[in-house]
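What follows is a set of notes on a single structure, which appears directly below.
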Amino acid sequence: LPDSFCDMENLVKVNLSDNAIEQLPERIGNLVNVKNLYLRGNNLAQLPMSFGKLDLLESLTLSGNGLQELPSTFGELASLKTLNLSQQGIPQVPTAVLDIENIEVLDLTGNQIKSLPAAISRLKLLKVLRVDYNKLQLLADNVCCLYKLEEFSAVGNNLTRLPPGFESSRRLKRLRLSHNSFEIFPPNVENLKRLEYLDVSGNMLRALPQRIDRLESLGVLKTSSNKLTVLPSGLFKMTNLRELAVDDNLIRTIPAEICGLTGLENFGKEHIDNNPLISPPIDMFEHGLRGLCKYFEDMHVSSASELPTGKVVLLGEVFAGKTSLANALQLGHSKLTKVEDRTEGINVNSTRLGGQLLVTMYDFGGHESYRLTHQFFLTMYALFIVVVNMSTYEDTADSFEQAVGCWVDFVRARVNRAVVHIVGTKADICTEADLHVKSNSILRRLKTFEVSYSRCIGEQIATIHDAMENFGILPPTHPFYGMDMESLQRRKRELERMLENAPILPTFVDIVSSNEDLCGIGELKNNVESMILNEELFLRPKVPRSWSALLNMIAASGKAATHGFLTWSDIVAESERETGLSEDSTVLALSHLHSVGVVLHFRDKPGLARFVFHDPNWLIRVFAMVAKNKNQDRKRMLMSMSPMEDERFHTMSPTLFRNAVDDLFERGSMWDCLLRCFWHELDMSDDVFQMLVSLLEMFDLCYRFSMTSPGSRGAVQYFRFPWFLENSPTQMYRKLWVNSGVKDRQVEVRVRFEIISYCPVGLFERLSVQINDLVTRVTEWKDGTLVRTLNDRLLLLQRMKEHRVTYLLLSTRVPERELDQGWTDLMPIVAKAAGLLKEWPGVLSYMFVDCGHCFGRLDSREWSDLSSRKVGHFPGEVLYTERPDHVTCPCTGDDINPALVYPLSHRKSSASPG
Ligand SMILES: Nc1nc2c(ncn2[C@@H]2O[C@H](COP(=O)(O)OP(=O)(O)OP(=O)(O)O)[C@@H](O)[C@H]2O)c(=O)[nH]1
Ligand SMILES: [Mg+2]
């Protein structure tokens, strides 16, 4: 700053934030009329002595400077009310601050302070004290003498208790103690009668006080991520409570009294998720307080019971022996399949293994092409049995990966704490010794497999921990540079949860033969049943007994149905007659049966809500009739045949047929008439056809579009199935994107998802379906989609694979001055991709923003090389962080345009993905 700056004596408000000022002029004290002074984000190492002369200064922001000390005159700032000293890296509260008796708001967030000095009690007028993300272990007793304190925030420290007498801060309204180390709820908090907001999330609390209702003004209570096992009775008397979060704890039951909390606004599943809840079942929280009350009413009327069902899913390589095993378990005698009897899709059958439990067995066809649809049937409460062909299994990494590893990953990706068992089959054609060696090898490799998975996550957690420890002084090259503390905290918790939710693996391999000797089958039955009934492995939710009756009723009516579905209205009518359940109760019961995977009912989907799918076999057969065509052999066969040879295609002329098949494999476009032919044997009405298409759409397997094609009258309906595309990049892509390059004054911005090891099947294709309402298509191929946005800008979605990493790249090119528009195009698509990934909580994925400045200095070949160290990148969380005024390229250290990395006006929102 020029020295003459200090001659502007009339200045009242001065904002010099986010510059690179290293020193203020010595005469700064001349600005005697300044009331507000903002110096955030400069490089001030110290302040001039004359600073103390700013007699009228009321508000001072010094955050993010790295100031180590304050001038001795600082204490003379008699008018100062608001002081922000956050993110300076200071190890203690500067003594000069404690002399300013009029301070009302003091922000010390993000420093290295280990304790608050006793003298803090001199700040008698202090209303707001923030010491978030410091290194506090103890608060001095004197904190209690801050009688005027209304808000105290100490998030992210190491506090284990509050000092005695803390309750004398009687005016306290807001208290934030999240992410500390409290094991016991601080007793003196209970006396803070005026407390309106309390956040104790992310501690290690095992209980809340019984009489928590003594906090009579409390409107918001956040206790997520603790170790609570029950909620105290007092809680349910807190009628003023508007917001409550108890997710990520160890709560098993919630009493009916919760219905008394009528002031709660939008208390939903996310506020209670991640608890081992058995009553009410977690899905009841999707129905609001009203639904919950209904559940408790029904529980009262009809006694509590557990559904007498279990679900077993058989997985494993093609020809592993799954179907033959399912036959042996179900029939009680050997029925080996023939070589040509490969399972298409899934076989589902219910059977009793001996006891009362009705076990539904899902026997998955092992072929790769079915995995797209199979993943929708991987649900909680199922026992996953990986079937291994012991006669072909070899003690090699590859063999293990194919026979076991990839199946464990497949299950892990979708289901938290999945219970996995391993069955080695075809024992009749193996030697005793061989079986012994191979089962040991499987178990050994499984252990190593898990250890390397946890190590990979553990390393990430360690890096985040490092970023948190050194917050504020991270170099731009640090992988988490640019993330705020909250995002770091959230990312860390998500990774920890992945470790906690890892599959529960077996300690032995069950060896069986499905051949006539049926060796080991009896033992396997016992093992399976006792595993399903083991409460430590499976939660068995408590439901009204009448729900089991409903299930039986549906099974009986299902037997008489021509197709694999019943109508909602029929079920309601029959249910009222036979089980006495009202319509409201039937809604709850069906939603529960849906969530445990016994029936499917999509009550929120227009076009589907009218139907209840009771027979997964039928549903999967319907999918398989379409999906099995996705295969080069099938294509060749269809192309070579005449529609006359096959009764399914009789309605089509040879030209029409050939064009339709060609369109399907070249462009992924299924003509309406061809789709009807594939479903020919279902012999269905138009109503059912539309319903099936809605189902495919709901699973994001296709989307519809209309086109007027030459020769036809009116618009023809098409369905696009992106996963049918087998072609490589099109000419159009080369012309419009590769060859045209980035034009003068244009920039490219790119968001990159890295999916480590297991990538969900169909992720890219489903994204391509989901963006349909946002864009129009220019060209598509197997691994890419070039689209045009409503504003006529081009956007490219690409998939790439390298070793064990799958990349999802979302990019757009815009003139530099229109960057904000570019982000507006890109962000909804980023949100869709992140939203899709959330369906697979066990998939390890990272989001990055690649540095658009690097694109400008590299040629496009280097830019597309994803392992290149020449491209800087930022953690994806920056997309949801406010845009700063300065950004440094992590690769070159250059100052870059912040708009290349930070979309405009992204307020932090709960929608931001982790
Ligand atoms: N000797 C012997 N043969 C078996 C046994 N179990 C299965 N097989 C044979 O192995 C082949 C494959 O068995 P399936 O049960 O169809 O295998 P799958 O895992 O269901 O195969 P997909 O459905 O294609 O994934 C068939 O030829 C069976 O006859 C067994 O215990 N002993
Ligand atoms: Mg099979």
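The values are calculated or read from the model by the stated rules, or taken from the named source; none is laboratory data. Everything quoted here is computed from the prediction, not taken from an experiment. Positions of Cβ are generated from backbone atoms using ideal geometry, with glycine treated the same way; all protein chains shown enter the neighbour counts. Ligands, DNA and RNA are excluded from the accessible area calculation, which covers all protein heavy atoms including side chains. Shrake-Rupley method; radii C 1.70, N 1.55, O 1.52, S 1.80 Å.
Tally Lys and Arg at +1 and Asp and Glu at -1 over the other residues with C-beta under 12 Å from the C-beta of Gly762: what net charge comes out?
Details: positive: Arg371, Lys630, Arg766, Arg799; negative: Glu368, Asp700, Glu765, Glu839.
Cβ neighbours under 12 Å give a net charge of 0.
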Q. Computed FRET efficiency, Cβ-Cβ of Arg545 and Asn349, R0 22 Å: what is it to the nearest 0.05?
A. 0.30
Q: Estimate the FRET efficiency between Lys269 and Cys293 by the formula 1/(1 + (r/R0)^6), using the beta-carbon distance for r and 22 Å for R0, to the nearest 0.05.
A: 0.85
Q: Distance check, please: which entries in Lys743/Lys832; Lys525/Lys559; Lys335/Lys426; Lys311/Lys630; Lys294/Lys542 exceed 21 angstrom between their Cα atoms?
A: Lys743/Lys832; Lys525/Lys559; Lys311/Lys630
Q) How much of Thr392 can a 1.4 Å solvent probe reach, expressed as accessible area in Å² and rounded to 10? A) 80 Å²
**Q.** Part-to-part distance (alpha-carbon centres) for the stretch 612-660 and the stretch 246-265, which is given in Å
**A.** 51 Å
Q. Using a Förster distance of 35 Å, how high is the FRET efficiency between Gln68 and Asn10, based on the Cβ-Cβ distance and rounded to 0.05?
A. 0.60
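Going through the cross-link list Lys782/Lys870; Lys269/Lys605; Lys322/Lys628; Lys628/Lys801; Lys438/Lys801, which pairs have a Cα-Cα distance over 21 Å in this structure? Mind dumping the intermediate values first?
Working: Lys782/Lys870 28 Å; Lys269/Lys605 19 Å; Lys322/Lys628 19 Å; Lys628/Lys801 25 Å; Lys438/Lys801 32 Å.
In this structure, Lys782/Lys870; Lys628/Lys801; Lys438/Lys801 lie more than 21 Å apart at Cα.
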**Q.** Per residue solvent-accessible surface (Å²) - the stretch 631-720, probe of 1.4 Å
**A.** 49 Å²
(Q) I'd like the distance between the alpha-carbon centres of the stretch 764-842 and the stretch 323-398, rounded to an integer number of Å. (A) 37 Å
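Could you work out how much longer the chain between Lys743 and Asp434 gets when fully extended? Use 0.36 nm per residue separation minus the Cα distance between them, nm to one decimal. Mind dumping the intermediate values first?
On the way: separation 309, 0.36 × 309 = 111.24 nm, distance 6.47 nm.
Fully extending the segment from Lys743 to Asp434 adds 104.8 nm.
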Q: Describe numerically, in nm with one decimal, the distance between label points set 7 Å from Cα along Cα→Cβ at Ser653 and at Arg704.
A: 2.6 nm
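Taking the Kirkwood radius as the inverse of the mean 1/r across Cα pairs, report the Rg/Rh of the stretch 731-900. Walk me through the intermediate numbers first.
Details: Rg = 15.3 Å, Rh = 16.4 Å.
The Rg/Rh ratio comes out at 0.93.
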Q. How much of the accessible area of the stretch 104-161, in percent, comes from carbon and sulfur atoms when a 1.4 Å probe is used?
A. 50 percent
Q. For the chain, what does -39500 (n - 2.57) per DSSP helix run (n ≥ 4), summed and divided by total residues, give at 222 nm, in deg cm²/dmol to the nearest 500?
A. -8000 deg cm²/dmol
Q: Calculate one ³J(HN,Hα) per residue across the stretch 486-499 by plugging θ = phi - 60° into the Karplus curve 6.51 cos²θ - 1.76 cosθ + 1.60, and present them in order as whole Hz with x for glycine and proline.
A: 4, 5, 4, 4, 5, 4, 4, 5, 4, 5, 4, 5, 4, 5
Q) Met644 versus Glu101, label points 7 Å from Cα toward the beta carbon: distance in nm? A) 10.8 nm
Q. Can you work out ³J(HN,Hα) from phi for every residue in the stretch 349-363, in order, using Karplus 6.51 cos²θ - 1.76 cosθ + 1.60 and θ = phi - 60°, giving whole Hz and x for Gly and Pro?
A. 9, 9, 7, 9, 8, x, x, 7, 5, 8, 9, 8, 9, 9, 9
Q: Answer rounded, prolate or oblate for the stretch 705-790, using the Cα gyration tensor with square roots of eigenvalues a ≥ b ≥ c: rounded when a/c is under 1.5, else prolate when a/b is larger than b/c, else oblate.
A: oblate
Q. Give or take rounding to whole Å, what are the principal axis extents of the alpha carbon atoms in the stretch 562-707, in descending order?
A. 57, 28, 26
Q. Please state the Cα pair-distance histogram of the stretch 631-720 with 10 angstrom bins from zero: what percent is in each bin?
A. 15, 48, 35, 2
Q: Kindly give the semi-axes, whole Å and largest first, of the ellipsoid equivalent to the chain, taking each as the square root of 5 times a Cα gyration tensor eigenvalue.
A: 55, 37, 26
**Q.** Globularity ratio of the stretch 309-533, using Cα Rg and 2.2 N^0.38 Å
**A.** 1.19
Q: Mind giving me the nanometre distance, one decimal, between the label points for His680 and Leu790, set 7 Å out from Cα along Cα→Cβ?
A: 4.3 nm
Q) Roughly how much of Met238 is accessible, in Å² to the nearest 10, using a 1.4 Å probe? A) 10 Å²
Q. Excluding ligands, DNA and RNA, what is the solvent-accessible area per residue of the stretch 731-900 at a probe of 1.4 Å, expressed in Å²?
A. 42 Å²
Q) For the charge dipole of the chain, defined by +1 on Lys and Arg C-beta atoms and -1 on Asp and Glu C-beta atoms about the Cα centroid, which residue among Leu767, Ile554, Gln746 has the Cα displaced farthest towards the positive pole? A) Gln746
Q. Using the heavy atoms of the protein chains alone and a 1.4 angstrom probe, what is the accessible area of the stretch 309-533 per residue in square angstrom?
A. 42 Å²
Q. If ligands, DNA and RNA are left out, what is the accessible area of Tyr370 with a 1.4 Å probe, given in Å² to the nearest 10?
A. 20 Å²
(Q) Keeping all protein chains in place and using 1.4 angstrom, which order do Cys889, Cys673 fall into by accessible surface area, from largest down? (A) Cys673, Cys889
Q.
In whole Hz and in residue order, list the ³J(HN,Hα) couplings for the stretch 775-790 that follow from phi through the Karplus curve 6.51 cos²θ - 1.76 cosθ + 1.60, θ = phi - 60°; x for Gly and Pro.
A. 9, 10, 8, 9, 7, 9, 9, 3, 10, x, 9, 9, 10, 10, 7, 4
Q | Bins of 10 Å from zero: percent of alpha-carbon pairs in the stretch 415-457 | A | 22, 42, 25, 10, 0
Q: Calculate the length of the line joining the C-alpha centroid of the stretch 528-597 to that of the stretch 44-64, in whole Å.
A: 69 Å
Q.
How much length would be gained if the chain were fully extended between Glu394 and Asp687, taking 0.36 nm per residue of separation minus their Cα-Cα distance, in nm to one decimal?
A. 100.4 nm
Q: Run the accessible area of the stretch 309-533 with a 1.4 Å probe and give the carbon-and-sulfur part as a rounded percent.
A: 51 percent
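For the stretch 461-534, which GluC sites (Glu not before Pro) pass both filters: DSSP loop (anything but H, G, I, E, B) and at most 13 other C-beta atoms within 10 Å?
Values: sites: Glu469, Glu486, Glu494, Glu496, Glu500, Glu516, Glu523, Glu529; in loops: Glu516.
Taking the stretch 461-534 and a limit of 13 other Cβ atoms within 10 Å, the loop GluC sites (Glu not before Pro) found are Glu516.
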Q) How about Lys53: which lysines have a C-alpha closer than 30 Å to its C-alpha, ignoring those fewer than 8 places off in the same chain? A) Lys13, Lys35, Lys81, Lys124, Lys127, Lys148
Q) If you place +1 on the Cβ of every Lys and Arg and -1 on the Cβ of every Asp and Glu, how big does the dipole about the Cα centre of the chain come out, in debye to the nearest 20? A) 580 debye
(Q) Can you give the local net charge around Leu736? Use residues other than it whose beta-carbon is closer than 15 angstrom to its beta-carbon, Lys and Arg +1, Asp and Glu -1. (A) +4
Q. Once the dipole of the chain is set up with Lys and Arg at +1 and Asp and Glu at -1 on Cβ about the Cα centre, which of Thr892, Phe508, Leu701 lies farthest towards its positive end?
A. Thr892
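Keeping all protein chains in place and using 1.4 angstrom, which order do Asp213, Asp273 fall into by accessible surface area, from largest down?
On the way: Asp213 30, Asp273 55 Å².
Listed by decreasing accessible area, they come as Asp273, Asp213.
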